[in-house]
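In what follows, a structure is listed as structure tokens, so that the remarks can point back to it.
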Amino acid sequence: GIKAFSIEESSYLTGKVGSGETDRIKDTVYRDLRSRGYLVRTGFKYGSHFRVYSSGSIEEHSDLLVHCTKPEDEFTWEQLARAIRLSHSVRKRMLFAFISGNEDVSYLELNWKRP
């Protein structure tokens, strides 16, 4: 069947995002992921900003969760562990996206490794 876009996803596609810093960062990351050929949907149900389909099809399993952040943001070990363990339990890779001063997007992947 046809999958509808959320209000947030529609705002990215139409370029009508909010004016806050977090909105700008999420929009920049969204556009970067799309320019790389990924299908990007909301990651709300996983507690992240985006879930990403590298296959380009929503009929396939998404394989990435992306959380947008500022380079100066701090995370507790508990917050990192929660995000990484959740992504691992739903068979997805966890990426944190950062925006540099010149608007380049960098990604940091963190994985759960069993000791």
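The values are calculated or read from the model by the stated rules, or taken from the named source; none is laboratory data. Model, not experiment: these values are computed from the prediction. Note that we place each Cβ from the backbone using ideal geometry, even for glycine, and neighbour counts take in every protein chain shown. Ligands, DNA and RNA are stripped out before the accessible areas are found, and what is left, the full protein with its side chains, is counted by its heavy atoms. Shrake-Rupley method; radii C 1.70, N 1.55, O 1.52, S 1.80 Å.
Scan segment 82-115 for residues that are among the polar types (S, T, N, Q), part of a loop (DSSP other than H, G, I, E, B) and under 13 Å from the mean Cα position of the chain (by Cα) and jot them down. Passing the criteria: none in range.
When segment 41-81 is examined, which residues are found to be part of a helix (DSSP H, G or I) and open to solvent by 70 Å² or more (accessible area, probe 1.4 Å)?
Just the residues of segment 41-81 that are part of a helix (DSSP H, G or I), to begin with: 44-46, 77-81.
Phe44, Lys45, Trp77, Glu78, Gln79, listed by residue number.
Taking the numbered list (1) surrounded by fewer than 12 Cβ atoms within 10 Å (Cβ to Cβ); (2) in a helix (DSSP H, G or I) in turn, Tyr30 passes all entries but (1).
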